[in-house]
Structure formats: C-alpha cells, structure tokens
1. With 23, 38 as the choices, which residue is more than 17 Å from residue 85 (Cα to Cα) and touching a residue at least 24 places away in the same chain (Cβ under 8 Å)?
2. Going through the stretch 29-41 one residue at a time, which ones are farther than 14 Å from residue 63 by Cβ and either at pLDDT below 95 or within 13 Å of the chain's Cα centre (by Cα) (or both)?
3. Picking from 45, 18, which residue would you name as being surrounded by 15 or more Cβ atoms within 10 Å (Cβ to Cβ) and under 11 Å from residue 79 (Cβ atoms)?
4. If you check every pair at least six apart or on different chains, which have Cβ atoms under 8 Å apart with a residue in the stretch 1-15 that is within 18 Å of residue 68 (Cβ to Cβ) first and a residue that is in a helix (DSSP H, G or I) second?
C-alpha cells in the first residue's frame, strides 16, 4: 500500500479497468494491483496479459470499496496499474 501512496496523484498510477487494460495492451505496465473482490473476468484478462508481458500482479486484502477510499476516491476501484518509467 505504500507503493500506491507513493504514486497517488502522479501520472504513473492508472486507476480503473479501461485505462489499465489500455496500458496493458500497449505494454506500459510494471505492476497491477487488484482488489480482493475484483471481478473474475477482469482477473482472467489480466492473467492473459501477464502471460504475454512480464509484469507483477498483486492482489490486496482490501475490497474495491476500501481501495477506492484508500486512494481518496468517492468510487470503488477494482484495479490499479503502475506504469513503467
């Protein structure tokens, strides 16, 4: 969670499914962070991209609501991505 705090408010942190999937398809992701209750279809899509490109996937112990609150957003967050340098 310290890593999320470090990148919060920068352009290195991507929030949400659509933006994360776009970054994955462009090969720009260093790490993906999933909520503990992320949808199964999202997890399987990320697993597919993980096989294609070498990036780390971390599943937190936080639900999507808790992850949204942690990121100071008023909505649930199922997935975050940290972009490559």
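1. Working: 23 fails: more than 17 Å from residue 85 (Cα to Cα).
Answer to the check: 38.
2. From the stretch 29-41, those farther than 14 Å from residue 63 by Cβ are 29-32, 40-41; that's our starting set.
Those that are farther than 14 Å from residue 63 by Cβ and either at pLDDT below 95 or within 13 Å of the chain's Cα centre (by Cα) (or both): 29, 30, 31, 32.
3. Values: 18 fails: surrounded by 15 or more Cβ atoms within 10 Å (Cβ to Cβ).
Only one candidate passes the filter, namely 45.
4. 1/70; 4/70; 13/4; 13/7; 14/20; 14/23
The values are calculated or read from the model by the stated rules, or taken from the named source; none is laboratory data. Owing to the predicted nature of the structure, the values given are computational and were not obtained by experimental measurement. As a convention, Cβ positions derive from the backbone with ideal geometry for all residues, glycine included, and neighbour counts pool all protein chains shown.
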